[in-house]
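A short worksheet on the structure shown next.
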Amino acid sequence: MMLNETGVITNEFWLDRWKSGRIGFHKEGVNPRLVGYWPDLPKGSHVLVPLCGKSNDMIWLAEQGYQVTGVELSSLAVVQFLGDNDLVYSTHEEGDLKIHTVEGLSLRIVEGDFFTFKETGFDACYDRAAMVAMPSNRRAEYVSHALSLLTPSAFVLLISLRYDGDKQGPPFSVTHEEINQMWGDKIQKIASEDLVQTNAQYKDQGHSFFEESVWHIVPA
């Protein structure tokens, strides 16, 4: 793990996690929360996936007919995603970012720091493990930047975590109050599950509750 002198998580922290294979946040297959709670948006809608890692959720979204853009810091994650899925792609650079455009699928991966990605006009955003990867001192900045890339009527599917105990993350515990404050008054909690009740690992870690919650920002 790489923290700077003040204990703040740096980009090098995440790059080291990928290099060392410490990627417990990565989930194989397609997230059932995505399949169950993603709306029927118009085909061709532009969908942003921040801090996408090598998630196959992006493949699922592209197969639904959306134009998908994932943003990922780690070149190793990008290479693994493209290789694991046998994807043919082309690459070009835009400033500090590398854009990997997949052939035959409406999908591209932007390799670089999410905060340097400035493209706007996205119709939707899927955040499974991005906000909860942000320490408290950068969380509001992350949400503000993500929202700045979306259209005013964009849909957001957010999956968040809230837990007790002394685990400091990442992933970090985020209160419902923080979510409402950062994402605005359009956000609604639509589902939640206490994972302590369904997975012994969380109880073994000393948690009395470990809640995964699903949120929608529904356009007015």
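Inspect all residues belonging to region 166-186 and state whether any of them is within 29 Å of residue 63 (Cα to Cα), of a type in the set (D, E, K, R) and at pLDDT below 95.
Yes.
Which strands (runs of 3 or more DSSP E) sit wholly inside region 28-103 and have at least 1 residues that are open to solvent by 10 Å² or more (accessible area, probe 1.4 Å) and farther than 25 Å from residue 143 by Cβ?
Answer list for region 28-103: 89-94, 97-102.
Considering only region 174-185, state which residues are buried (at least 16 other Cβ atoms within 10 Å of the Cβ), touching a strand residue (DSSP E or B) at 6+ places or on another chain (Cβ under 8 Å) and not aliphatic (A, V, I, L, M).
183
Can you tell me which of 73, 82 is closer than 27 Å to residue 179 by Cα and at pLDDT below 95?
So the residue among 73, 82 that is closer than 27 Å to residue 179 by Cα and at pLDDT below 95 is 73.
Would it be correct to say that residue 24 is at pLDDT below 95, closer than 29 Å to residue 213 by Cβ, in contact with a strand residue (DSSP E or B) (Cβ under 7 Å, 6 or more places away or on another chain) and in a loop (DSSP other than H, G, I, E, B)?
No; evaluated as a whole, the condition is false for this residue.
Residues are listed down the side, and each one gets a yes or a no for (1) part of a loop (DSSP other than H, G, I, E, B); (2) open to solvent by 50 Å² or more (accessible area, probe 1.4 Å):
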residue	(1), (2)
119	yes, yes
124	no, no
138	no, yes
143	no, no
153	no, yes
158	no, no
162	no, yes
172	yes, no
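Just give me the residues in region 193-220 being touching a helix residue (DSSP H, G or I) at 6+ places or on another chain (Cβ under 8 Å), of a type in the set (A, V, I, L, M) and within 30 Å of residue 124 (Cα to Cα), in sequence order.
The answer is 195, 214, 217.
With among the hydroxyl-bearing types (Ser, Thr, Tyr), at pLDDT 95 or above, farther than 15 Å from residue 125 by Cβ and out of contact with any Gly (no Cβ under 6 Å at 6 or more places or on another chain) as the only criterion, which of 90, 45 stands out?
Of 90, 45, the one residue that is among the hydroxyl-bearing types (Ser, Thr, Tyr), at pLDDT 95 or above, farther than 15 Å from residue 125 by Cβ and out of contact with any Gly (no Cβ under 6 Å at 6 or more places or on another chain) is 90.
Considering only residues that are open to solvent by 70 Å² or more (accessible area, probe 1.4 Å) and assigned to a loop (DSSP other than H, G, I, E, B), which ones fall in region 186-213?
Hits for region 186-213 are 186, 198, 205, 208.
The values are calculated or read from the model by the stated rules, or taken from the named source; none is laboratory data. For clarity, every value in this text was computed on a predicted model and none was experimentally measured. Because the Cβ atoms are built from the backbone with ideal geometry, glycine has one as well, and the counts that use them run over all protein chains shown. With ligands, DNA and RNA removed, areas are computed over all heavy atoms of the protein, side chains included. Shrake-Rupley method; radii C 1.70, N 1.55, O 1.52, S 1.80 Å.
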